[in-house]
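The values are calculated or read from the model by the stated rules, or taken from the named source; none is laboratory data. Because the structure is a prediction, the values reported are computed rather than measured. Glycine gets a Cβ as well: all are built from the backbone with ideal geometry, and neighbour counts include every protein chain shown. What goes into the accessible areas is simple: the full protein's heavy atoms, side chains included, and nothing from ligands, DNA or RNA. Shrake-Rupley method; radii C 1.70, N 1.55, O 1.52, S 1.80 Å.
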Amino acid sequence: MDERPVVTCFLRSEGEVLLLRRSDAVGSYAGRWGGVAGHVADDAGRDRDPETAARAEVEEETGLGDAVTLVRRGASFPVEDADRGTRWVVHPFLFDCASRDVRVNEETTATAWVHPPEILRRETVPRLWTSYDRVRPRVETVREDRTHGSAWISLRALEVLRDEAALAATGRADGPETAERAGDDWDALVTLARELREARPSMVVVANRIDRAMHAVTDRTPSAVERAATEALTDAVSADGVAAAVAADHVGDRVATLSRSGTVRTVLDAAGPSAVLVAESRPGREGVGVAEALADDAAVTLTTDAAFGHELAAWDAETLVVGADRVLLDGRVVNKVGTRAAALSAAEAGADCYAVCGTDKVAPTADWAREERDPAEVYDGDAAVDVSNPTFDVTPAHAVTVVTERGVLDAAAVEAVADAHRDRSEWVENG
C-alpha cells in the first residue's frame, strides 16, 4: 500500500473552525468537506517538515498565512483507503486565526466557518473528526495554560463542554477519541462542567461562563448542553468584542499596556494609537510578543516592569489600558501582577486607566487568589530565601475605570452583575 504523509489544518476564529469543500481539481474526495490539507512533500516531491507544509498549505488554500498562530500540533495517525491503495499518515494542526478573509484557490468550491461538532454531521474526508480530536482543547488546556489571558482560556473551557456534549449526543464512532469523563450521560457532563469551572479558581470568567451555559440548559440531555455551550461561546465572543469597541472610544493617541490580553489587543486595533508603551511583564514576558505584534502599526516602546511607572510619565502616556482577570464587588480589579503599580503610576502621571473586560469577569464573591508561580522563576539558589512569585495583584477601585460591553460599570452596576452571576451558579448545587 502506498504511504503518503499529509497535513490537516484547522483555522480557529471566535470558537469556530474553517471547513473547505474540495473541488474536482483535487486528486481525492471531491465534494467532501475538510480542513486545509495537502501533502507533506512539496510539488517537486521533496520532503518538508510537517509544520512547514502546514503553513504553506494555509497560505496556498486560504491566503491567511500571515494571520495564523500555531496553537497545537497533534499526534499523527494512519488512515487506510483500500479502494485507492493508499495509507495516509495524517499530521493534524490547530491555528488561531486573526482574520476571516479567506481567498481560496481552484481546489475549493465553498467555505464555511462552523462550530467543530458540525464535522460530525457533514460528509467529510475520512477521519476528519479524529484530526480535530488530536488538537482540540481539553480540561488540561484550561488548567495548565500560563500564556493566554483569562478571556481566551474561558472560550477554551466552553469549547471543551460543547465538544464533549456533541460527542455524547452523536456517539464516538469516528476513531480513537478520548473522552474527558467516563460516560456520556447528564451526570457525566455535570461532572465535566464542575471540573472546568474549578480548573482556574483565580479566573472567575471561566466559572461564570460555564455557569451561564449550564444555567441555560433546557433539558438534561447532551444535545441541550451542546446548544447552551455554543450559545454561551457566541455570546462571550460578542461581549468581549463590544467591550473592546466601547473602550476604543475612550483611549488617547499614546497608549500604555502590560501583559497579554486579547481584549486589549482588539482595543488597540480599533483605536489605532500612534504610539504604544509596553511593559515586558515578567516572569512570562508576555509583553514582548505584544510589542512585536503591534510594531507594524504603531511606534512601539518596550520597557522593563521596573521602569514602567517612570516611563508612563516620561513617555507622556495619555491612557493605560489593561485587561482584567476579575472585578471584585467593591470595584477593585485583579489582573496580571504589575497592574496595581502601573495604575497608581498612571494616576500620578495624569493618565486615564481603563480595565477592559466582559461582564462575565465580575466576581460573585469577594474572593481572589494570587496564583503563585514556580519559585524557581525568581530564585533557585540554596540560601534560606522565601520567594513570592504571584501571577496576579489587585488594583484599588479609585485607580481604575472598568469598561465592559455595557459601558462603564459603577459600584451599583457591579453589584447587579454579581447578583446575576450568583443566580446562574445555582446549578452547581442542584446538579
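How about segment 392-401: which of its residues are in a loop (DSSP other than H, G, I, E, B) and surrounded by fewer than 19 Cβ atoms within 10 Å (Cβ to Cβ)? Can you show your working first?
Within segment 392-401, the subset in a loop (DSSP other than H, G, I, E, B) is 396, 400.
Once the filter is applied, which keeps residues that are in a loop (DSSP other than H, G, I, E, B) and surrounded by fewer than 19 Cβ atoms within 10 Å (Cβ to Cβ), segment 392-401 yields only Pro396.
One line per residue, one yes/no per condition, for (1) open to solvent by 10 Å² or more (accessible area, probe 1.4 Å); (2) polar (S, T, N, Q); (3) in contact with a helix residue (DSSP H, G or I) (Cβ under 7 Å, 6 or more places away or on another chain):
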{"residue": "Arg134", "(1), (2), (3)": "yes, no, no"}
{"residue": "Glu164", "(1), (2), (3)": "no, no, yes"}
{"residue": "Leu167", "(1), (2), (3)": "no, no, no"}
{"residue": "Thr170", "(1), (2), (3)": "yes, yes, yes"}
Return a yes/no flag: does segment 24-38 have any residue that is more than 27 Å from the chain's Cα centre (by Cα) and under 23 Å from Arg73 (Cα atoms).
-> no
Are there any pairs, at least 6 apart or on different chains, whose C-beta atoms fall under 7 Å, with the first in segment 402-422 and open to solvent by less than 10 Å² (accessible area, probe 1.4 Å) and the second of a type in the set (D, E, K, R) and in a helix (DSSP H, G or I), and if so, which?
-> His421/Asp211
What pairs come up if the first residue lies in segment 359-386 and is of a type in the set (Phe, Trp, Tyr), the second is open to solvent by 60 Å² or more (accessible area, probe 1.4 Å), and their beta carbons are under 8 Å apart, counting only those six or more places apart or on different chains?
-> Tyr379/Val385
The condition of being within 30 Å of Ala412 (Cα to Cα), open to solvent by less than 50 Å² (accessible area, probe 1.4 Å), of a type in the set (Asp, Glu) and in contact with a helix residue (DSSP H, G or I) (Cβ under 9 Å, 6 or more places away or on another chain) holds, among Asp325, Asp352, Asp330, only for Asp325
Can you tell me which of Asp101, Asp133 is farther than 20 Å from Ala232 by Cα and either free of Cβ contacts under 8 Å to residues at least 24 places away in the same chain or in contact with a Leu (Cβ under 8 Å, 6 or more places away or on another chain) (or both)?
-> Asp101
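Quick one: which strands (runs of 3 or more DSSP E) sit completely within segment 61-111 and have at least 2 residues that are within 28 Å of the chain's Cα centre (by Cα) and aromatic (Phe, Trp, Tyr)? Walk me through how you get there before you give the answer.
Working: elements: 68-73, 77-81, 86-97.
The strands (runs of 3 or more DSSP E) meeting that bar are 86-97.
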Test each condition in (1) assigned to a loop (DSSP other than H, G, I, E, B); (2) within 29 Å of the chain's Cα centre (by Cα) for Ala383 and report the one that comes out false.
-> (2)
Flagged in segment 330-378 as over 23 Å from the mean Cα position of the chain (by Cα) and among the β-branched types (Val, Ile, Thr), in numbering order, are Thr365, Val378
